[in-house]
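The values are calculated or read from the model by the stated rules, or taken from the named source; none is laboratory data. The shown structure was predicted, so the numbers you read here are calculated from the model rather than taken from an experiment. Backbone-built Cβ (ideal geometry, glycine too); neighbour counts: all protein chains shown. In case anyone asks, the SASA skips ligands and DNA or RNA and just uses the protein heavy atoms, side chains included. Shrake-Rupley method; radii C 1.70, N 1.55, O 1.52, S 1.80 Å.
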Amino acid sequence: MNFRTTLSLLLLLGGFGLFPVFSGAQSLTDGIFMNKKFLCAGVFYGHDAWDEYWEGTLLRTNGNIGTVTTQNVLLGLNYGITDRLNAVVMAPYVWTEASAGTLAGQSGIQDLTLGLKYNVVAFNGLGGRMSVQAVAGGSLPLTDYVADHLPLSIGLQSKTLFGRGILHYAAENNLTFLLSGTYTLRSNIEIDRESYYTTEQIYSNEVEMPDAAQLYFRGGYYSFRWGAELTASHNMTLGGFDIRRQDMPFPSNNMDLTRVGVEAFYRFSFLGDLQLLGQVNQTVAGRNMGKSLGWTLGLTKFINFNKD
Amino acid sequence: MKKHILSLLAFSVLFFIFSACDKEVTGEYAELQPLSPANQDLNAGAWKTVVLATPDEVAVPAPSDVNSAEYQAEVAASKQALAGLTDEQKEIIRYWSAGSVLRWNEIMRYLVAKHNLAPAPNADGTYPVPDASNPFSYPEFPFANPPYSARAYAYASVAQFDALVAGWHFKSLYNRPAPYNVDATIEPYHVVKTSLPTYPLEDAVVAGAAFTMLRALFPADTAFINEKVNEAAWYKQWAGAAVASDVTAGLNLGKSVAAKVLNRAKSDGMKNAIGSKAIQDSLQQRVEALGETSWKSLESPNRLGMLVQFGKVKPWLFDPANIEAVRPAAPPSTQSDAFKAQLEEVKREADPSDREKMRIVHFWADGTGTYTPPGHWNVFAFEEIYNAGQSEVRAARNFALLNMAMMDAAIACWEAKYHYMVPRPSQMDPSIKTLTGLPNFPAYTSGHSTFSAAGATVLGHLFPSKAATFNAWAEEASLSRLYGGIHYRMDCEAGLLCGQVIGGFAVDRARTDGAE
């Protein structure tokens, strides 16, 4: 079910509260399709915290922010338009805080993500079912939150379009793996000041946002009743600049992030197959991002809109 | 199935259209037209200088006659340069022809933003101190915080102004015309022809002043500054608008005048401005002995307050012996109900859910990694000076008036801060969260308010049709600190008043300096 990976996505809201683009992208990373006229509705809570961050490539702590915690509640829907075409929509409410210093956290509704996932081709092989899938989607901010308040912004305000290719394999013995690659176009953003310093002094309220890319892997056991998988993702900003020594982060920093994690779910038959899922994720490498530990819990439920 | 392929195709098309959009954000420098002043201020050689006693304090030798072989050879060399202009030279000429004073002001703001980063703490919780004699090793010298940068803008502007007054004096004295007024066949590249004598060349005068002053203020950027000096000094010679001796005389004059201004800088008290833990402790003990809660650093690890002794730096526009006349009135006791009311107001006003307040806070923050509040007011001055098409010498005069006022504003404000040692709102009530970085120095009075009122007062005098706008901006800049949760309203109001007084000193000077 698609929302199991909504998790990995949401965790990426962490770090500097950045990478909302990947969140949307990743909710659509799942290899599995809803059948026609089936709806999957989900609600998720995510918690992500770091007390070390990469200032450029230097891993450090900062006594004036302590531990930065980003939390979110996300609502999502995934609907089977046909057996081969699914539509996903989701939006989170995000709030941030720093444990030390005086800087105020931010809160608000972040970005709306919409996506379509299409099963391009599926065939039998390697003792299981292989499929190649394509995902297309985009995101746009739902509110006028402040992007230029890092590391406590709830998002980056950029509008995105993303395209993804997925290779998915499910064996008859329920072993599964998935590999995907994503390219995300990001629109420039406007901030509240008329000039800012990157590697130059720029006189504009417009900030050039480099595009982003992601590689994603997951693999493990998946059955209808339960599943457990390992995940790994590498997110890259294709450009941008490093935070200078003792400077503040900025929306167009060169933000990279590598995470590994574990996901698991169980469907309770006595609750109408209500699915409970959870995920834990650790950042292992990064640049201009927090080295965060994140976890998510979620509940999802199928609703059948077929007449029979 | 076909439908789906179509929608995928449609998405692909959309994707490529989106990606083809030109995302590049430029704006490293303003796109400006070539300078063509309506008024050349030919009498500026008689204007009142700041550091120089007389405009001819530095001698400039008499130039060769326009009919001499020596001069004709120089003209020929300039014509040759003009005929062989490279694309790079053309770009340099288009950049500088907007006016040297404007461009150096822009460059100054870049240097300040580049260096406006506090040193990161050492592993043992101490802080390294930037060292002017070892500027390249971390932390790079300087830490261009607001007082440092206010002073830097002031010295750079004053050096340019005094050098240009001297330059104008010698221009009038020797009255050697531009080469295109000697040889009518010369059509300069992208430089507007004027009747202003070119010996010594104004752009070279300013470049010479910048050479001496900026290398002292930003020693880690010597190579960059040298490159800019070379471009600024010589572009008019390449463009057919000056000859080599105009340039060299200008450079020499600018450097020599700036050396005199630099002597003032070396003895203005800045080298002691950083203060010490012992001095800060004694200031804290003084107010605690009066039964007050003293300001303390909320930074972690604990950091010495920013420029504890900057209030003792020598001002331009008032006698430091009269500092008490400039010093804002004492704030209410930290133990009083009046103070408590101020604190409660901060708690109400600092509201991260109020988007308009957040905009105001961020618009005026000018914090870490920026050109600072004095830089922001230089941007406003830059726009007005450009729009008015002022001569180089008038532009320099107006920047000097503005920046002397803002440096003095910094002195008066810092003197008050460390005299009264008023704690920040978050120290008195840790539940107060700030919408911008909490500055590491006492609250009373607000630096933004003092800078802004001084800036608005000077600019309002120089550009009276916009005086109301400048005052409104100063008010908003001031309130941004209350909204940000880092200042009480009393800090803002007292800062505005003090800034107006100091701005008034600059206005008094402006009225009597011979330029009005």
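Quick look at the numbers
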quantity	calculated
Single match in A:L167, A:L103 (criterion: under 30 Å from B:D429 (Cα atoms), among the hydrophobic types (A, V, I, L, M, F, W, C) and either touching a residue at least 12 places away in the same chain (Cβ under 8 Å) or within 12 Å of chain B (Cβ to nearest Cβ) (or both))	A:L103
Evaluation of A:A212 against (1) at pLDDT below 95; (2) more than 25 Å from A:H149 (Cα to Cα) (one fails), failing number	(2)
Unique match (being more than 14 Å from the chain's Cα centre (by Cα), away from chain A (no Cβ under 11 Å) and touching a residue at least 40 places away in the same chain (Cβ under 8 Å)) among B:A388, B:A365	B:A388
The range B:108-156, subset open to solvent by less than 10 Å² (accessible area, probe 1.4 Å) and over 24 Å from B:P439 (Cα atoms), residue nearest to the other protein chains (Cβ to nearest Cβ)	B:A156
Residue match in the range B:45-58 (condition: in contact with a Leu (Cβ under 9 Å, 6 or more places away or on another chain), more than 14 Å from chain A (Cβ to nearest Cβ) and surrounded by fewer than 19 Cβ atoms within 10 Å (Cβ to Cβ))	yes
Residue match in the range B:499-515 (condition: assigned to a helix (DSSP H, G or I), crowded, with 24+ Cβ neighbours inside 10 Å, of a type outside the set (K, R) and in contact with a Leu (Cβ under 6 Å, 6 or more places away or on another chain))	yes
Test: residue in the range B:90-102 that is assigned by TED's automatic domain parsing to the domain that holds B:N181, surrounded by fewer than 21 Cβ atoms within 10 Å (Cβ to Cβ), closer than 23 Å to B:E383 by Cβ and among the basic types (K, R)	yes
Residues (in contact with a helix residue (DSSP H, G or I) (Cβ under 8 Å, 6 or more places away or on another chain), open to solvent by 60 Å² or more (accessible area, probe 1.4 Å) and not in a loop (DSSP other than H, G, I, E, B)) located in the range B:271-329	B:N272, B:K312, B:P320
Condition met for B:A278 (under 21 Å from the mean Cα position of the chain (by Cα) and among the hydrophobic types (A, V, I, L, M, F, W, C))	no
Within the range B:60-91, tally of residues that are within 23 Å of B:G167 (Cα to Cα) and touching a Phe, Trp or Tyr at 6+ places or on another chain (Cβ under 9 Å)	6
Residue match in the range B:333-348 (condition: β-branched (V, I, T), surrounded by 18 or more Cβ atoms within 10 Å (Cβ to Cβ) and farther than 30 Å from B:A120 by Cα)	yes
Selection from the range B:410-431 of residues that are more than 30 Å from B:Y153 (Cβ to Cβ) and either at pLDDT below 95 or hydroxyl-bearing (S, T, Y) (or both)	B:S431
Flag if A:V121 is within 30 Å of B:K23 (Cβ to Cβ) and either β-branched (V, I, T) or open to solvent by 50 Å² or more (accessible area, probe 1.4 Å) (or both)	no
Elements of type helices (runs of 4 or more DSSP H) contained in the range B:337-443, each with 2 or more residues being touching a Phe, Trp or Tyr at 6+ places or on another chain (Cβ under 6 Å)	B:337-349, B:355-365, B:372-388, B:392-420
Test set (1) at pLDDT below 95; (2) open to solvent by 90 Å² or more (accessible area, probe 1.4 Å) - B:Q80 fails condition number	(1)
Residue that is farthest from A:L274 (Cα to Cα), among those in the range A:209-236 that are within 14 Å of chain B (Cβ to nearest Cβ) and open to solvent by 10 Å² or more (accessible area, probe 1.4 Å)	A:P210
All positions within the range B:357-380 that are open to solvent by less than 10 Å² (accessible area, probe 1.4 Å) and not hydrophobic (A, V, I, L, M, F, W, C)	B:G369, B:Y371, B:T372, B:P373, B:P374, B:G375, B:H376, B:N378
Hits in the range B:24-44 (condition: more than 14 Å from chain A (Cβ to nearest Cβ), open to solvent by less than 40 Å² (accessible area, probe 1.4 Å) and out of contact with any Gly (no Cβ under 6 Å at 6 or more places or on another chain))	B:P34, B:Q40, B:D41, B:A44
Scope the range A:176-197; condition more than 9 Å from chain B (Cβ to nearest Cβ) and open to solvent by 20 Å² or more (accessible area, probe 1.4 Å); matching residues	A:F177, A:L179, A:G181, A:E190
Failed condition for A:I65, given (1) facing chain B (nearest Cβ under 10 Å); (2) in contact (Cβ under 8 Å) with a residue 40 or more places away in the chain; (3) of a type in the set (A, V, I, L, M); (4) not in a loop (DSSP other than H, G, I, E, B)	(4)
Condition met for B:V257 (part of a helix (DSSP H, G or I) and over 27 Å from B:D183 (Cβ atoms))	yes
